[in-house]
1. Regarding the chain, what's the average projected area of the Cα-atom convex hull, expressed in nm²?
2. Quick check on the chain: helices-only [θ] at 222 nm, where DSSP H runs of length 4 and up contribute -39,500 (n - 2.57) each and the sum goes over total residues. Nearest 500, please.
3. Can you give the FRET efficiency for Cys58 and Glu6, using 1/(1 + (r/R0)^6), R0 = 35 Å, r = Cβ-Cβ distance, to the nearest 0.05?
4. With everything on Cα atoms, drop me the angle between helix 2-25 and the longest principal axis of the chain, reported from 0 to 90° to the nearest 10.
5. Using 7 Å Cα-to-Cβ label points, what is the Arg43/Asn22 separation (nm, one decimal)?
6. Going highest first, how would you order 20-33, 51-64 by mean Cβ packing within 10 Å?
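None of the figures in this text is laboratory data; all of them are computed from the coordinates on show. Model, not experiment: these values are computed from the prediction. When we count neighbours, we look across all protein chains shown, and the Cβ atoms used for this are built from the backbone with ideal geometry, even at glycine.
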Amino acid sequence: MPGDIERWFAEEQRRGDARARNCATKRWFATESEARAAALWDRTRFGERHKPYRCDLCDGWHLTSAQAAR
Ligand SMILES: [Zn+2]
């Protein structure tokens, strides 16, 4: 199946692009606890649910919204 690997590759690339975009635009945290504290703050203040995740591009942490998949 020649199409499968190409589809997989395009999918991977799209994922990588989204990650790089997130990395450039999102808030950056040095540690998981900092990211968690910010997520908790967002939740109490704005009612937004964010999940901390480790970024392998910048070796830091970002927050991703838990509900909206973009
Ligand atoms: Zn990053």
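1. Directional mean of the projected Cα hull area for the chain stands at 5.3 nm².
2. -19000 deg cm²/dmol
3. Computed FRET efficiency for Cys58 and Glu6: 0.75.
4. Roughly 30 degrees between the two axes.
5. 1.8
6. 51-64, 20-33
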